[in-house]
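Take a look at the structure below.
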Amino acid sequence: MDMSTPMGQGPKMKLVMVGNGMAGVRTLEELLKLAPDLYDITVFGAEPHPNYNRILLSPGLAGEQTVDDIVLNPLDWYNDNNITLHLGKKVVKIDRTARAVEADDGTRAEYDRLLLATGSNPFILPVPGADLEGVISFRDIADVDAMIRASSQYRHAVVIGGGLLGLEAANGLMKRGMEVSVVHIGPWLMERQLDEPAARLLQKSLEEKGMKFLLQKQTAELVQGESGRVAAIKFKDGDSAPADLVVMAVGIRPNTELAESSGLHCNRGIVVNDTMQTFDPRIYSIGECAAHRGIAYGLVAPLFEQAKVCANHLAHYGIGRYQGSVTSTKLKVTGIDLFSAGDFMGSEGTEAILYSDPIGGVYKKLVIKDNKLVGGVMYGDTVDGAWYFSLLRDGKDVTELRDHLMFGQDHCGNLGHQGINKAATMTDDMEVCGCNGVCKGDIVKAIREKGLFTLEDVRKHTKASSSCGSCTGLVEQILAVTAGGDYYAAPKTKSMCGCTDHTHEAVREAIRQNKLLTIPQVMTFMEWRTPNGCASCRPALNYYLISTWPGEAEDDPQSRFINERAHANIQRDGTYSVIPRMWGGQTTPAELRRIADVAEKYAIPSVKVTGGQRIDLLGVKKEDLPKVWADLDMPSGHAYGKALRTVKTCVGSEWCRFGTQDSTQMGIDLEKVFFKMWAPHKVKLAVSGCPRNCAEVAIKDVGIIGVDSGWEIYVGGNGGIKTEVAQFLVKVKTPDEVLEYSGAFLQLYREEARYLDRTVHYLERVGLDYVKKKILDDHEGRRALYERLLFALSVERDPWVERAKEGKLKHEFETVAA
Amino acid sequence: MSQWTDILDVNDIPKLGARVVRHGTLDIAVFRTADDEVFALEDRCPHKGGPLSQGIVHGRKVTCPMHNWNIELDSGCAVAPDHGCAREFPIKLEGGRVWLDLSEVSRVAA
Ligand SMILES: Cc1cc2nc3c(=O)[nH]c(=O)nc-3n(C[C@H](O)[C@H](O)[C@H](O)COP(=O)(O)OP(=O)(O)OC[C@H]3O[C@@H](n4cnc5c(N)ncnc54)[C@H](O)[C@@H]3O)c2cc1C
Ligand code: HEM
Ligand code: SF4
Ligand code: SF4
Ligand code: FES
């Protein structure tokens with residue numbers, strides 16, 4: 001078979017792309033990954049350059065990067081992928097009947113699919129003199145060249161437009177030695193991203209750098225000088241200013257000229273649907289020229305989202321819809337930290353939290369509506385931008401965080417970065433991601449060499465920020481410094497993983513509503529795009545199934561992470577650890593003797609007391625596990641699972657002179673009742689006998705404190721990478737109530753949390769008030785929750801007993817000799 | 001010279017799972033996909049030597065249990081952006097039995 005044609009369907013289809021810019025070429029890259037041989041590809045680009053990083057024009061102008069530095073796809077890339085490239089040729093006609101395009105020099109190309117990625121045009125003010133020599137815009141390499149040339153010959157530059165682009169142009173020209181004035185019609189700078197106080201701070205620091213501002217000025221005319229070149233700018237109020245170079249940065253307009261002339265429906269952009277298709281089904285459009293649900297995006301990140309979807313459809317996979325993006329902004333002027341996102345001005349029904357330190361040059365405003373963060377502006381200190389943005393995007397309930405919110409993520413408990421929070425001051429050998437041991441230099445190198453753009457890319461390539469996420473802010477800063485610009489943006493909803501577009505919630509709902517009982521059923525029903533998922537969705541699905549249909553859905557060991565399949569923790573050398581359960585941390589001489597015997601018999605190299613009040617046997621060979629369990633004859637400690645781990649207790653009133661309640665017995669009862677409980681993540685409990693709190697209950701998922709008149713229950717604590725203090729839920733009188741309330745809370749968490757969310761994450765999302773409503777106010781509901789938990793536990797067996805004594809899944813522990 | 005050896009019944013490997021076959025000191029991970037394809041790789045992840053046999057198998061890939069690299073079963077190579085390959089061994093499935101070419105295995109184990 002001729003491998004160059006897809007499955008012998010004859011000649012390849014022809015794909016023509018008009019516009020050789022960032023969005024278009026990204027689509028081709030995505031397409032080539034999915035279907036490298038589907039199309040003969042032809043690209044027309046009006047500019048004489050291969051695809052380059054337009055965002056880096058600003059640092060380029062400022063002399064921080066050279067033109068060569070910013071090329072993204074060198075000519076070799078087009079060659080290697082057999083792409084026919086027509087540079088410097090502008091397409092002037094689409095013949096939709098003959099399905100061909102024609103360029104200004106007469107070059108023709110036929111298409112089966114056409115992709116319009118023509119970007120946008122700078123808006124030129126219709127004032128007299130706008131066409132004079134020396135009047136330019138800021139859009140491409142040619143503009144930057146013109147500015148650099150002018151800066152070496154002339155002195156006075158005027159930038160019209162005090163938005164993002166205008167200020168970056170002004171900054172660059174100033175760095176090139178020109179005297180720069182920024183003319184702006186609005187009352188303050190960047191009014192689409194900043195409120196007045198933040199804008200004033202920005203203006204002040206730019207003025208300190210030497211920039212001049214002419215606010216609330218309307219341009220009337222550009223005046224010609226003797227040389228024929230522009231010489232001055234005149235305003236409507238009669239003032240004027242010298243100008244040897246005028247840069248217009250007053251906005252962009254989607255470039256729809258070509259589309260419109262060929263009769264495609266346009267409305268402030270080429271109108272596309274959620275698959276990036278125009279009204280002509282053979283023609284797709286993406287990038288700044290496209291209007292999706294009425295919005296033409298002007299930042300790279302959403303365009304890349306579009307590129308992914310478009311490529312998927314071009315590749316005939318037909319999966320995925322673009323549903324719009326939330327975006328945020330940063331200004332790329334070295335030495336200025338600025339961030340804004342969402343509804344930063346505030347409106348009806350919002351309230352704002354403010355922090356202002358005019359002397360220190362720091363200003364922050366967070367806008368909150370219905371207990372959720374809906375917008376924010378930060379100036380001078382933007383380290384937490386990414387964190388705020390994720391709170392905003394996920395629509396998290398911030399009630400509990402409110403008091404600390406302004407002081408950032410660090411203040412909400414965050415270890416492991418030695419307090420470093422400015423990427424720019426870090427040296428290359430300094431560690432950024434403590435979880436995965438990734439240094440700044442590694443990240444910078446990966447961004448440069450692999451051409452990374454998004455946080456996701458960096459996570460994939462370097463593993464930085466892919467674990468606990470507390471270094472996300474730093475990584476984003478490094479990305480901003482290295483790749484330029486800001487690439488935060490994300491789909492509005494988060495899908496479970498790359499195998500599906502559905503959210504965790506949607507999948508759970510479908511499992512419940514339609515009584516799905518196996519992973520293949522879920523995947524068929526929800527139209528998974530991979531045949532059997534991946535290592536991230538399969539364990540989640542397995543948990544959702546067994547927790548929704550206990551006793552009916554069967555556990556699938558092959559969809560469990562190794563620890564939960566082997567029922568022991570894999571160690572770095574491939575051996576395993578065994579931690580038997582000691583109810584409430586209590587043991588007996590007989591148990592200790594058996595542990596000692598087992599350790600000797602199987603030559604277990606290390607015996608350690610854990611922080612969970614039990615004993616860890618480390619370095620057990622996998623083959624020995626069933627025998628070790630049989631000899632120990634103790635219950636599984638589930639120290640390897642997303643399950644109930646330990647219930648830590650203090651000695652309590654039995655012995656302790658301060659004790660008010662029998663905390664040890666309470667702990668034992670809790671552990672016995674909740675034994676074998678699988679959960680979205682690990683679950684740890686503790687019980688202290690009095691408020692001196694020797695069992696450290698404040699950092700447990702459920703913590704109980706005995707007081708004179710009963711028991712206090714705290715929930716959502718966590719001692720991990722980010723320490724979270726548990727919140728008070730309720731005070732009850734009897735041990736039975738402790739069991740019922742704690743159990744109901746845990747069942748609520750089991751039923752509603754996303755897989756891998758700890759109780760604290762779940763609480764952050766739904767809010768404590770919601771949990772109180774469900775557990776404290778609704779007595780029926782609470783009892784029903786508790787009943788459901790008890791039922792689920794009643795069908796679970798001790799996995800060690802099954803494997804040690806009944807030979808279940810023997811193959812897991814046997815090697816085959818050859 | 002090849003030395004094809006009958007190793008085990010395909011049903012002794014769980015679907016979407018693996019078994020460890022030991023030859024001297026060399027551990028070989030023998031995988032089975034959902035469609036009953038079998039693959040043999042040295043049981044050492046190209047990243048830091050994690051035991052690939054213990055990973056989650058999906059499609060024709062396995063995810064290493066140590067740091068989640070994805071390894072292609074048919075080539076032994078890591079899926080981009082990661083780099084590196086685990087050694088692959090000749091394997092075949094005949095009449096429900098899994099055969100390994102031990103000549104290749106012995107050469108490596110030696
Ligand atoms: C100075 C500057 C700084 C920026 N900073 C940021 C930032 O920090 N963060 C951010 O997210 N975004 C930033 N942007 C915006 C970002 O660069 C754009 O959103 C992005 O480049 C748009 O991609 P595109 O492919 O839609 O359009 P473009 O990259 O403009 O590509 C369109 C291409 O099509 C060509 N073309 C048009 N018509 C035709 C035709 N008929 N025939 C052939 N070719 C044609 C054009 O010449 C152009 O090369 C910045 C933009 C500029 C100018
Ligand atoms: C991000 C988070 C964490 C990870 C990845 C993690 C990982 C682990 C691992 C792998 C083990 C098992 C070691 C073995 O095999 O013997 C373990 C055990 C343990 N961890 Fe953690 N841990 C984390 C957070 C915490 C926190 C926050 C605490 C306490 C506040 C904690 C307390 C314990 C205890 C007490 C044990 C002993 C096991 C037991 O008795 O069940 N861990 N942890
Ligand atoms: S918490 Fe109270 S009861 Fe428990 S050991 Fe400490 S002082 Fe004693
Ligand atoms: S036991 Fe916990 S704290 Fe210790 S090294 Fe392992 S993950 Fe880190
Ligand atoms: S050892 Fe396999 S991913 Fe690290």
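The values are calculated or read from the model by the stated rules, or taken from the named source; none is laboratory data. Keep in mind the model is a prediction, meaning the values are calculated, not measured. Heads up, the Cβs are rebuilt from the backbone with ideal geometry, glycines too, and the neighbour counts pull from every protein chain shown.
Within segment B:67-77, does at least one residue satisfy the condition of being within 16 Å of ligand 2 (Cβ to nearest atom) and assigned to a loop (DSSP other than H, G, I, E, B)?
yes
Does any residue of segment A:696-719 turn out to be within 16 Å of ligand 2 (Cβ to nearest atom), polar (S, T, N, Q), closer than 21 Å to A:L644 by Cβ and in contact with a Gly (Cβ under 6 Å, 6 or more places away or on another chain)?
no
Where residues in segment A:515-559 are away from chain B (no Cβ under 14 Å), in contact (Cβ under 8 Å) with a residue 60 or more places away in the chain and under 17 Å from A:P799 (Cβ atoms), which of them is surrounded by the fewest Cβ atoms within 10 Å (Cβ to Cβ)?
A:G551
Please tell me if A:R538 is of a type in the set (D, E, K, R), touching a Pro at 6+ places or on another chain (Cβ under 9 Å) and within 23 Å of A:K676 (Cα to Cα).
No; evaluated as a whole, the condition is false for this residue.
With respect to A:E133, is the statement that it is more than 14 Å from ligand 1 (Cβ to nearest atom), touching a residue at least 24 places away in the same chain (Cβ under 8 Å), surrounded by fewer than 16 Cβ atoms within 10 Å (Cβ to Cβ) and not aliphatic (A, V, I, L, M) true? Even if it seems obvious, please write down each step before you answer.
Numbers: more than 14 Å from ligand 1 (Cβ to nearest atom): yes; touching a residue at least 24 places away in the same chain (Cβ under 8 Å): yes; surrounded by fewer than 16 Cβ atoms within 10 Å (Cβ to Cβ): yes; not aliphatic (A, V, I, L, M): yes.
Taking the combined requirement at face value, the residue satisfies it.
Please go through segment B:24-37 and pick out each residue that is more than 19 Å from B:N70 (Cβ to Cβ) and within 11 Å of the chain's Cα centre (by Cα). Even if it seems obvious, please write down each step before you answer.
Going residue by residue through segment B:24-37, those that are more than 19 Å from B:N70 (Cβ to Cβ) are B:24-28, B:36.
Answer for segment B:24-37, where residues must be more than 19 Å from B:N70 (Cβ to Cβ) and within 11 Å of the chain's Cα centre (by Cα): B:D27, B:I28.
Looking at A:A142, A:A98 in this structure, which one is in the same structural domain as A:M178 (by TED's automatic domain parsing) and surrounded by fewer than 16 Cβ atoms within 10 Å (Cβ to Cβ)?
Going through A:A142, A:A98 in turn, just one is in the same structural domain as A:M178 (by TED's automatic domain parsing) and surrounded by fewer than 16 Cβ atoms within 10 Å (Cβ to Cβ): A:A142.
Do we find a residue being among the basic types (K, R), surrounded by fewer than 19 Cβ atoms within 10 Å (Cβ to Cβ), farther than 20 Å from A:H761 by Cβ and away from ligand 3 (no atom under 11 Å from the Cβ) anywhere in segment A:665-674?
Checked segment A:665-674: at least one residue is among the basic types (K, R), surrounded by fewer than 19 Cβ atoms within 10 Å (Cβ to Cβ), farther than 20 Å from A:H761 by Cβ and away from ligand 3 (no atom under 11 Å from the Cβ).
Which numbered condition trips up B:V21, out of (1) within 16 Å of ligand 5 (Cβ to nearest atom); (2) within 12 Å of the chain's Cα centre (by Cα); (3) closer than 20 Å to A:R565 by Cβ?
Failed condition: (1).
Would you mind finding the one in B:G49, B:G55 that is at pLDDT below 95 and more than 16 Å from ligand 1 (Cβ to nearest atom)? Please lay out each step first, then the result.
Numbers: B:G55 fails: at pLDDT below 95.
Within the list B:G49, B:G55, the selection yields B:G49.
For A:I519, indicate whether it is in contact with a helix residue (DSSP H, G or I) (Cβ under 7 Å, 6 or more places away or on another chain) and either closer than 19 Å to A:E802 by Cβ or assigned by TED's automatic domain parsing to the domain that holds A:R754 (or both).
Answer is no for this residue.
Please go through segment A:13-35 and give me each residue that is outside any strand (DSSP E or B) and either farther than 19 Å from A:L72 by Cβ or within 16 Å of ligand 2 (Cβ to nearest atom) (or both), ordered by number.
Scanning segment A:13-35 gives A:L34, A:A35.
Looking only at segment A:564-573, which residues are within 11 Å of ligand 2 (Cβ to nearest atom) and facing chain B (nearest Cβ under 8 Å)?
Once the filter is applied, which keeps residues that are within 11 Å of ligand 2 (Cβ to nearest atom) and facing chain B (nearest Cβ under 8 Å), segment A:564-573 yields A:I570, A:R572.
Suppose we keep only residues that are surrounded by 17 or more Cβ atoms within 10 Å (Cβ to Cβ) and more than 10 Å from chain A (Cβ to nearest Cβ) within segment B:79-98. Which one would you say is nearest to A:G498 (Cα to Cα)?
B:A86
A:V223 versus (1) in a strand (DSSP E or B); (2) touching an Asp or Glu at 6+ places or on another chain (Cβ under 8 Å): which is the lone unmet condition?
So A:V223 meets the others, but not (2).
Show the residue pairs that are 6+ apart or on different chains and have beta-carbon atoms under 9 Å apart, the first residue being within segment A:64-77 and outside the structural domain of A:A142 (by TED's automatic domain parsing), the second being of a type in the set (F, W, Y) and assigned to a helix (DSSP H, G or I).
Going by the 9 Å Cβ cut-off, there are no qualifying pairs.
Any residue that is within 16 Å of ligand 3 (Cβ to nearest atom) and not in a helix (DSSP H, G or I) - is there at least one of those in segment A:719-730?
The answer is yes, given that some residue of segment A:719-730 is within 16 Å of ligand 3 (Cβ to nearest atom) and not in a helix (DSSP H, G or I).
Quick check on B:G76: is it at the interface with chain A (Cβ under 7 Å from one of its Cβ atoms) and among the small types (G, A, S)? Working first, answer last.
Numbers: at the interface with chain A (Cβ under 7 Å from one of its Cβ atoms): no; among the small types (G, A, S): yes.
No; evaluated as a whole, the condition is false for this residue.
Quick one: which residue in A:V732, A:V707, A:V702, A:V651 is of a type outside the set (D, E), surrounded by 21 or more Cβ atoms within 10 Å (Cβ to Cβ) and more than 16 Å from ligand 5 (Cβ to nearest atom)?
Step by step, each of A:V732, A:V707, A:V702, A:V651 is checked, and only A:V702 is of a type outside the set (D, E), surrounded by 21 or more Cβ atoms within 10 Å (Cβ to Cβ) and more than 16 Å from ligand 5 (Cβ to nearest atom).
If you take the residues in segment A:685-695 that are part of a strand (DSSP E or B) and under 37 Å from the mean Cα position of the chain (by Cα), which one is nearest to ligand 2 (Cβ to nearest atom)? Break it down into steps so the answer makes sense when it comes.
Step one: filter segment A:685-695 for residues part of a strand (DSSP E or B), giving A:685-688.
Now narrow it down to the ones that are under 37 Å from the mean Cα position of the chain (by Cα): A:685-687.
Working: A:L685: 11, A:A686: 9, A:V687: 15 Å.
Here the answer is A:A686.
From the residues in segment B:55-73 that are more than 8 Å from every other protein chain (Cβ to nearest Cβ) and touching a residue at least 24 places away in the same chain (Cβ under 8 Å), which one is farthest from B:R19 (Cα to Cα)?
Taking the candidates together, the pick is B:W69.
Only residues that are more than 14 Å from every other protein chain (Cβ to nearest Cβ) and surrounded by 15 or more Cβ atoms within 10 Å (Cβ to Cβ): list them for segment A:803-818, please.
Going residue by residue through segment A:803-818, those that are more than 14 Å from every other protein chain (Cβ to nearest Cβ) are A:803-807.
Passing the criteria: A:R803, A:A804.
Of the residues that make up segment A:121-132, is at least one away from ligand 5 (no atom under 16 Å from the Cβ), of a type outside the set (V, I, T) and farther than 30 Å from A:F235 by Cα?
For segment A:121-132, residues away from ligand 5 (no atom under 16 Å from the Cβ), of a type outside the set (V, I, T) and farther than 30 Å from A:F235 by Cα: absent.
Can you report the number of residues in segment B:4-54 which are more than 7 Å from every other protein chain (Cβ to nearest Cβ), in a helix (DSSP H, G or I) and surrounded by fewer than 22 Cβ atoms within 10 Å (Cβ to Cβ)?
2
Does A:V578 count as closer than 20 Å to A:K808 by Cβ and either more than 16 Å from ligand 1 (Cβ to nearest atom) or among the small types (G, A, S) (or both)?
So A:V578 fits the description; yes.
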